[in-house]
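Here the structure is laid out as structure tokens; the discussion comes afterwards.
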Amino acid sequence: MPRFAANLTLLFNELPFEERFSAARQAGFRGVEYLFPYAWPEATLAQHLRENDLTQVLFNLPPGDWNAGERGVACLPGREEEFRAGVEEAVRYARALGCQRLNCLAGLRPAEADEGRLWATLRQNVDYAARRLEGEGITLCLEAINSRVDMPGFLLDTSAKVLGLMDEVGADNVRLQYDLYHMQIMEGDLIRTLRRCMARIGHIQFADNPGRHEPGTGEINFRSIFRALDDAGYNGWVSAEYHPKARTDAGLGWMSG
């Protein structure tokens, strides 16, 4: 079976955030991620990781004003300085937490925006982040998020777009973050796509579809997918990023195969 991590933004949210680390460890997870660490002091988060013998596997660069609906600023002209300041903040947290992967959210396409300018801004910002993170030994992930259900207007909404951007940037430390839920909605053909992209994947996340709940609640055959990852020799983290239908621990049967 793959190495599973728990996304603590979504899982165990019947508990206060700082209690979710121990709950994840007790459930059998060895790694954790969450959307953003910035609301907590680095030292506090690092202590929770140490006390529970957990690896911080990933978190996102600052996304702009999340509560106002922003989902990343990397593609937004005029926000370049904010993006660069966010990279520095993320680096500070990554150092403290021992995190070797950061995810860049591309952002939503503004109405009436020029597509070419958005893409050029995104490429410039990804190039900057990749060069800055290379010196820290950090991999920059780029996630494709579905634009049909969860994030209408998200600029990077297919794996092909992410791979195309990676080709344009040409940095060795940039990888595809492949989310099975999002790509089931946008592309399907998950196992074939995983095999084709395997050498360029830096992180994998999952939820079942429809509903974005735990495996076994929808249409995705996770047993076959996990077997395919093992057969392909994938040794990275595979993160559970779903909304549990009830208590988190009641829906973890998928971990035992």
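The values are calculated or read from the model by the stated rules, or taken from the named source; none is laboratory data. This is a predicted model, so every value here is computed, not measured. So basically every Cβ, Gly included, is an ideal-geometry build from the backbone, and we count neighbours across all protein chains shown. In case anyone asks, the SASA skips ligands and DNA or RNA and just uses the protein heavy atoms, side chains included. Shrake-Rupley method; radii C 1.70, N 1.55, O 1.52, S 1.80 Å.
In table form, for the structure just shown:
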| item | result |
| --- | --- |
| Pairwise FRET efficiency - Glu219 versus Thr44, Cβ, R0 = 45 Å, nearest 0.05 | 0.70 |
| Under 5 Å, built H, 5+ apart or other chain: amide partners of Ile201 | Leu176 |
| Cα-based convex hull, segment 130-222, per residue volume (Å³, whole number) | 101 |
| Per-pair calculated FRET efficiency, R0 = 25 Å: Arg30 and Asp172 via Cβ, rounded to 0.05 | 0.40 |
| Karplus 3J(HN,Hα) series, Hz, for segment 96-103 with 6.51 cos²θ - 1.76 cosθ + 1.60 (x for Gly, Pro) | 5, 9, x, 8, 9, 9, 10, 9 |
| Semi-axes of the equivalent ellipsoid for segment 170-257, Cα gyration tensor, largest first, Å | 23, 13, 13 |
| Volume per residue of the C-alpha convex hull in segment 103-146, rounded to whole Å³ | 61 |
| Other-chain or far-sequence residues with amide H under 5 Å of Phe154's (modelled H) | Arg109 |
| Distribution of pairwise C-alpha distances over segment 1-53, 5 Å bins, in % | 4, 20, 34, 29, 10, 3, 1 |
| Whole-percent carbon and sulfur share, accessible surface of the chain, 1.4 Å | 45 |
| Cα coordinate range in segment 51-154, projected on the principal axes (Å, largest first) | 48, 29, 21 |
| For the chain, calculated [θ]222 nm from helices alone, where every DSSP H run of n ≥ 4 adds -39500 (n - 2.57) | -11000 deg cm²/dmol |
| Mean accessible surface per residue for the chain, computed with a 1.4 Å probe while every protein chain stays in place, in Å² | 43 |
| Approximate spin-label separation Glu187-Glu81, in nm, with each point projected 7 Å along Cα-to-Cβ | 3.7 |
| DSSP-assigned coil residues among trypsin sites (Lys or Arg not before Pro) in segment 123-173, each with at most 14 further Cβ atoms within 10 Å | Arg148 |
| Segment 8-73: GluC sites (Glu not before Pro) in DSSP coil with no more than 13 other Cβ atoms inside 10 Å | Glu14 |
| Two-decimal log10 I(q)/I(0) for segment 1-108, as the Debye equation yields it once each C-alpha is a single scatterer, q = 0.16, 0.20 Å⁻¹ | -0.72, -1.03 |
| Qualifying GluC sites (Glu not before Pro) for segment 186-242 [loop in DSSP, other Cβ within 10 Å: at most 13] | Glu219 |
